[in-house]
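A short worksheet on the structure shown next.
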Amino acid sequence: MKSIERRFNNITEKKPFWSSFICFAEAVKGQRFTQPILHRWFQKLVQKDDYAQSDKRTLLRHLDCLSNPSRTTEIKDKIDR
């Protein structure tokens, strides 16, 4: 079982009332997955009725930002010292 799938399954067990998209977003948050990995597992794990097909590209961009947060605060802290 892959790490996204394992994390997703753990979250869905703990939070049964959350949608599959929210569980997926929580599973990838801060984990630094690549775009192809995110897209592949999004297709496999997120139910199609949890999002509008027209919003898919925007949602995937948002998931990429969740998974790979910018590191500007670390750089800014080093500059401020």
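The values are calculated or read from the model by the stated rules, or taken from the named source; none is laboratory data. All values reported here derive from a predicted model rather than from experimental measurement. Cβ coordinates were reconstructed from backbone atoms using ideal geometry, including for glycine residues, and neighbour counts include every protein chain displayed.
Residues of the stretch 50-60 being loosely packed, with under 12 Cβ neighbours inside 10 Å and of a type in the set (D, E, K, R), which ones? Steps first, please.
Filtering the stretch 50-60 for residues loosely packed, with under 12 Cβ neighbours inside 10 Å gives 52-55, 57-58.
Listed by number, the residues that qualify are 55, 57.
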* Which residues, counting only those in the stretch 1-49, are outside any helix (DSSP H, G or I), surrounded by 14 or more Cβ atoms within 10 Å (Cβ to Cβ) and free of Cβ contacts under 8 Å to residues at least 24 places away in the same chain? -> 18
* Return the residue satisfying two criteria in turn: it lies in the stretch 20-55 and is touching a Phe, Trp or Tyr at 6+ places or on another chain (Cβ under 9 Å) and among the hydroxyl-bearing types (Ser, Thr, Tyr), and of such residues it is farthest from residue 68 (Cα to Cα). => 51
* Select, from 31, 53, the only residue that is touching a helix residue (DSSP H, G or I) at 6+ places or on another chain (Cβ under 6 Å) and either modelled with pLDDT under 95 or of a type outside the set (Phe, Trp, Tyr) (or both). => 31
